[in-house]
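No lab work stands behind these numbers, since they all come straight from the coordinates. Predicted model, so just to flag it, every value in this text is computed and none were measured. No Cβ is skipped: glycine too gets one built from the backbone with ideal geometry, and neighbour counts run over all protein chains shown.
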Amino acid sequence: MNILIVLLVSYFLILDPAYSQQNAASTTTTTDLGPSQQESNISIKIVVFLILSYAGWTIYKRLKYKYGKYRKRQYFPSYVKENAIRKQHYKCAICKKSACIWDYDHIDGNRSNNDPSNCQALCPNCHAKKTRGLLKQ
C-alpha cells in the first residue's frame, strides 16, 4: 500500500515536471500548451491522484478490519449458547459453580470461529481471569 502511494506521488510530482522541462528545452517540438490546457492537465492529475488515494485507503481499512487486530467481534448465536450451558449442566466450565450471569468464551481464542465445539460458558470472574491470562488451561 505504501509503495503504491510513493509511486503515485513520485509520478505526479517528480517525473512529470522533468518531462515537461525536457519538451520545453527541445527545439524540434513546437507544440506548446496554453495556460488553460496546462491547468486542466494539472487538475485532471490531481483528481486522478485523489481518486486512487481514496481507493487505496478504503482497501487498506477493509483489510485492516478483516485480518488485523481490530477485526469485528463475532458473537455466538443463541442456540450455540444454550447448547453450551446445557452440556456443562448450568455450571462454569472452569470453577464448576452455578451462576446467574454467563459470559461465552471462544476456547481457542479465535473470535471468528463460532463453531459450537468452540463455545464455553464461564462465570464473569473466570472469564475475566482467562482473558487477562491469569488462568492456565
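Please arrange Tyr104, Tyr54 by counting, for each residue, the other beta carbons lying within 10 Å of its beta carbon, fewest first.
Tyr54, Tyr104
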Worksheet item: What net charge do the residues around Ala128 carry, taking every other residue with its C-beta under 14 Å from that of Ala128, with Lys and Arg at +1 and Asp and Glu at -1?
Response: +1
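For Thr131, Thr58, which order do you get if you count the other beta carbons within 10 Å of each Cβ and list the fewest first? Mind showing how you got there, number by number?
Values: Thr131 13, Thr58 10.
By the 10 Å Cβ count, ascending: Thr58, Thr131.
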Discussion item. Sort His127, His106, His89 by Cβ crowding within 10 Å, fewest neighbours at the top.
Written reply: His89, His106, His127
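On alpha carbon coordinates alone, what is the Rg over Rh value for region 78-132, Rh being the Kirkwood radius?
Working: Rg = 10.3 Å, Rh = 11.1 Å.
Here Rg/Rh amounts to 0.93.
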